[in-house]
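The values are calculated or read from the model by the stated rules, or taken from the named source; none is laboratory data. The structure displayed is predicted, hence computed values, not measured ones. Cβ placement follows ideal geometry from the backbone for every residue including glycine, while neighbour counts extend to all protein chains displayed.
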Amino acid sequence: MRSLFFVLSALSVMALAFWVYQENHRTREALAQTKDLQGEIGQMRETLGVLRAEWAYLNRPDRLRELAAINYDRLGLVPLRPEQFQRVSNVSYPAPDLPPIMVPIDVMSTQEGAQ
């Protein structure tokens, strides 16, 4: 009876050891993947910072003014003036499309029934 107990105890310890080994391996893989993702996020943030700096550099008002002057003949760009702006209430928006009439109503019969 004791030997059976020792054998079962040894098997359970080995099973638990195998389970702990697998969990340790999965945890290390998850940590390595997390580290890789953190590095990738850092690189993307750095790239985004560089792109924002380039965008700010390319959109300098003096540079854009100079480009507009150089390409005036081809593009016909003119500087903005205050009188070019209007109130939103002055904008004429197109009328919305009405949905098709699916169930027509006979107006003549409703007028006769009202009298």
| query | Can you pull out the residues in the range 49-69 that are of a type in the set (Gly, Ala, Ser), under 25 Å from the mean Cα position of the chain (by Cα) and surrounded by 10 or more Cβ atoms within 10 Å (Cβ to Cβ)? | reply | 49, 53
| request: Could you list all residues from the range 49-81 that are at pLDDT below 90 and among the polar types (S, T, N, Q)? | output: 71
| said: Which of the helices (runs of 4 or more DSSP H) found entirely inside the range 33-115 contain at least 1 residues meeting this: of a type in the set (Ser, Thr, Tyr)? | reply: 72-75, 107-114
